[in-house]
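The values are calculated or read from the model by the stated rules, or taken from the named source; none is laboratory data. Just so we're clear, the structure is a prediction, and the values are computed from it rather than from any experiment. Because the Cβ atoms are built from the backbone with ideal geometry, glycine has one as well, and the counts that use them run over all protein chains shown.
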Amino acid sequence: MTPIIELEDLCKTYASGEEPVHAVRGVSLTILQGEFVAVMGTSGSGKSTLMNILGCLDRPSSGSYLLDGIQVSSLNRDQLSDLRNRKIGFVFQNFNLLARTSAVENVELPMLYRRNPLSAAEQRKKALQSLEMVGIGKRAGHTPNQLSGGQQQRVAIARSLINDPVLLLADEPTGNLDSRTSCEILGIFQRLNDQGITILMVTHEPEVANHAKRIIVMRDGKILTDTQVQNRLQAADELKNLPTETVS
């Protein structure tokens, strides 16, 4: 398997008053193509800082970070932006959709920044295919205020996949969803992972993390445990045990 993420003695320190804050302390980690990894930890554990570094939204203070073989720490701001757009798809807790823009137009947005842009017709076709992949193709013309929370998150996932990234980063992707809808979204992640997409998900909920294949727990900026999941939860099985009155 090809390494997608390779970290070697990664550190991140922030200046805060008289005492520096060591948010990430000497983390070494490899994530291979096709893995589904959940990162857990309490507030202040360093998981969010690590996510920002992995997403090329922040720089490490020291150490090495290779993303799909590319040394990230040596890139300038424009190069980081280009790398994010080509290599990483993001899914956030708050969906981050443009309110007055249709679902299909929201999905098209990352393609506007491609190094080799597609024609408008090609963009529309690809966006519609991405929406179909997550089961919301029939809502392509709807704006976010016409969609439920679960439907908005499906649009966000479709958007994250539009440039065929090597890595999908999900930050508390079920944090604003009810139990049934959370299971549906986790089921989408599992299906995408079964298709070979590498996923790293930050969550504070053990029941969410257990849908992954590997769980990393952080504490005080370090990796406390790194465990392969023996009994991975299947979202479809969980749905059978949930009340039916909630909708996504």
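Output the number of residues of region 1-37 satisfying the condition of being small (Gly, Ala, Ser) and touching a helix residue (DSSP H, G or I) at 6+ places or on another chain (Cβ under 8 Å).
Looking only at that region, the number is 2.
Can you find a residue that is under 23 Å from Asn52 (Cα atoms), assigned to a loop (DSSP other than H, G, I, E, B) and free of Cβ contacts under 8 Å to residues at least 40 places away in the same chain anywhere in region 96-113?
Scanning region 96-113 turns up no residue that is under 23 Å from Asn52 (Cα atoms), assigned to a loop (DSSP other than H, G, I, E, B) and free of Cβ contacts under 8 Å to residues at least 40 places away in the same chain.
For region 1-53, give me the residue count where each residue is touching a residue at least 12 places away in the same chain (Cβ under 8 Å) and part of a strand (DSSP E or B).
27
Would you be able to say whether some residue in region 224-234 is in contact (Cβ under 8 Å) with a residue 40 or more places away in the chain and of a type in the set (S, T, N, Q)?
yes
Provide a single number: the residues in region 130-169 that are assigned to a helix (DSSP H, G or I), in contact (Cβ under 8 Å) with a residue 24 or more places away in the chain, farther than 29 Å from Lys47 by Cβ and not charged (D, E, K, R).
Keep residues of region 130-169 that are assigned to a helix (DSSP H, G or I), which gives 130-133, 137-139, 144-146, 149-161.
Then drop every residue that is not in contact (Cβ under 8 Å) with a residue 24 or more places away in the chain, which leaves 130-131, 133, 139, 144-145, 149-161.
In the following step, the residues that additionally are farther than 29 Å from Lys47 by Cβ were identified as 131, 139, 145.
From the residues that got through so far, the ones that are not charged (D, E, K, R) too are 131, 145.
Result for region 130-169: 2.
With respect to the numbered conditions (1) of a type in the set (Lys, Arg); (2) within 19 Å of Met51 (Cβ to Cβ); (3) surrounded by fewer than 21 Cβ atoms within 10 Å (Cβ to Cβ), which one is the sole condition not fulfilled by Lys126?
Failing condition for Lys126: (2).
Select from region 64-86 the residues that are surrounded by 17 or more Cβ atoms within 10 Å (Cβ to Cβ) and at pLDDT 95 or above and list them in ascending order.
Matches in region 64-86: Tyr65, Leu67, Asp68.
Residues to consider are Glu122, Glu132; find the one that is among the acidic types (Asp, Glu) and within 19 Å of Ile185 (Cβ to Cβ).
After ruling out the rest, the residue left standing is Glu132.
Quick one: Leu177 ticks every box in (1) of a type in the set (A, V, I, L, M); (2) more than 24 Å from Ile216 (Cα to Cα); (3) part of a loop (DSSP other than H, G, I, E, B) except a single one, so which number is it?
Leu177 satisfies every listed condition except (2).
Can you work out which of the residues in region 193-214 that are assigned to a helix (DSSP H, G or I) and of a type outside the set (D, E, K, R) is surrounded by the fewest Cβ atoms within 10 Å (Cβ to Cβ)?
So the first thing to find is which residues in region 193-214 are assigned to a helix (DSSP H, G or I), and the list is 193-194, 206-209.
Now restrict to residues that are of a type outside the set (D, E, K, R): 193, 206, 208-209.
Numbers: Asn193: 19, Pro206: 11, Val208: 24, Ala209: 22.
Ranking the candidates gives Pro206 first.
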